[in-house]
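Quick notes on the structure that follows.
The values are calculated or read from the model by the stated rules, or taken from the named source; none is laboratory data. Note that this is a predicted model, so its numbers are computed, not measured. We place every Cβ from the backbone using ideal geometry, glycine too, and count neighbours over all the protein chains shown. Just the protein is used for accessible areas: all its heavy atoms, side chains included, with ligands, DNA and RNA removed. Shrake-Rupley method; radii C 1.70, N 1.55, O 1.52, S 1.80 Å.
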Amino acid sequence: MHFLDGSMYPENQDKLVITVAPYGPEWMPEDFPEDIPVTMQDQIQKAVDCYDAGATVLHLHVRELDGKGSKRLSKFNELIEGIRARVPELIIQVGGSISFAPESEGEAAKWLSDDTRHMLAELRPKPDQVTVAVNSNQMNIVEQMSDADLHGTSIGQPELYEAYREMTIPAGPGWLEEHVRRLSANGIQSHFQLANITQLETIERMMRRGVCNVPFILTWVAIGGGFDAPNLYNLANFVRACPDGAVLTLETSMLNVLPLNTMAIAMGLHVRCGIEDNIWTQDRKQKMTSVRQIEQLVRISRELGREVANAQEARRIYRIGEFYRDADETLAKNGFAPNRKRGQRGFTHHALATA
């Protein structure tokens with residue numbers, strides 16, 4: 001991505017797209033009972049409340065009545081249908097792990113099998129997006145969390161802490177190509193959740209081979225533990241690696257969320273918040289609901305002169321429903337240099353000569 005003169009002027013930036021992750025599958029309801037919905041009606045209402053506050057993308061997980069994360073696709077169908085009836089324009093983004101919460105104390109936090117995750121392409125009504133992990137990777141979500149972050153929460157229990165510390169993502173090349181293919185065939189957008197530049201390069205190679213003909217809509221997930229750490233140097237390197245046609249959202253965890261989102265707003269990037277990422281105010285004196293986090297970002301963005309996208313604008317920015325014919329169109333639409341032609345030497349991209 002290029003940052004030319006004036007790139008931080010709000011009139012030269014897209015409106016801000018706010019993604020909210022309000023279901024927090026890693027927490028148990030007792031960790032934040034005021035803001036963790038359990039009944040289906042409360043889970044639907046949570047989506048409505050977040051939309052009314054200014055979020056236009058909903059990162060969706062589902063709970064069972066016992067408070068544990070659901071792995072039943074029928075529950076996802078039920079929640080999506082209920083949200084569609086109340087806020088039809090909201091972009092629904094299903095978390096591709098379905099739910100990574102361990103089912104009992106001391107059990108490893110595991111993602112579902114490859115075949116089960118492929119079934120996300122069959123959800124009805126279909127979501128707008130499913131998040132897609134790239135390359136099998138460690139996902140130790142507690143590595144950069146402090147004792148103060150976890151004090152008094154279920155993750156602070158030694159058994160659960162260890163389960164999350166050992167969590168891994170299965171996302172090998174065969175599964176990845178097939179998953180993108182199935183999602184695209186069903187008109188569902190792949191939203192790539194990337195831990196570092198190497199995963200970005202994997203997607204670029206897939207696009208160059210013509211097996212990933214989709215808009216490059218992605219999130220930089222800077223949570224440590226196998227992912228980038230949320231510091232300025234990692235952020236700058238990742239942003240520099242993104243092509244100009246990419247749509248980039250920033251994500252991190254705990255007290256890093258607000259500072260990183262503030263940088264994203266200033267840079268013309270997009271933001272993610274919600275209790276899946278952080279439950280604390282910056283002074284840790286109280287817990288902060290997903291709605292309050294959205295309202296805070298709306299206020300900061302408007303003070304910087306950058307308006308917040310409505311649902312229709314967010315759909316345009318995110319290129320919902322857009323897919324491409326082949327590698328050439330995919331590379332051009334996403335702002336990558338074209339593939340080298342047979343026999344071509346030197347630079348892959350030549351300016352046209354003028355008479």
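Quick notes
- When LEU90, LEU112 are checked against the criterion of being surrounded by 15 or more Cβ atoms within 10 Å (Cβ to Cβ) and at pLDDT 95 or above, a single residue qualifies: LEU90.
- Comparison of ILE36, ILE83 shows that the only residue that is in contact with a helix residue (DSSP H, G or I) (Cβ under 6 Å, 6 or more places away or on another chain), closer than 14 Å to PRO127 by Cβ and of a type in the set (Val, Ile, Thr) is ILE83.
- Checking each residue in region 257-292 for being over 26 Å from CYS242 (Cα atoms), part of a helix (DSSP H, G or I) and open to solvent by less than 10 Å² (accessible area, probe 1.4 Å) picks out only SER290.
- When residues of region 181-196 are limited to those that are over 15 Å from GLU251 (Cα atoms) and under 18 Å from the mean Cα position of the chain (by Cα), the one most open to solvent (accessible area, probe 1.4 Å): SER184
- In this structure, GLY96 does not satisfy being out of contact with any Phe, Trp or Tyr (no Cβ under 8 Å at 6 or more places or on another chain), open to solvent by less than 20 Å² (accessible area, probe 1.4 Å) and free of Cβ contacts under 8 Å to residues at least 60 places away in the same chain.
- The listed residues are LEU250, LEU235, LEU258, and the only one of them that is in contact (Cβ under 8 Å) with a residue 12 or more places away in the chain, within 27 Å of ILE188 (Cβ to Cβ) and not aromatic (Phe, Trp, Tyr) turns out to be LEU250.
- Restricting attention to region 299-309, the residues being surrounded by fewer than 18 Cβ atoms within 10 Å (Cβ to Cβ) and out of contact with any Ser or Thr (no Cβ under 7 Å at 6 or more places or on another chain) number 6.
- Residue in region 147-178 that is surrounded by the fewest Cβ atoms within 10 Å (Cβ to Cβ), counting only those that are touching a residue at least 24 places away in the same chain (Cβ under 8 Å) and hydroxyl-bearing (Ser, Thr, Tyr): THR168
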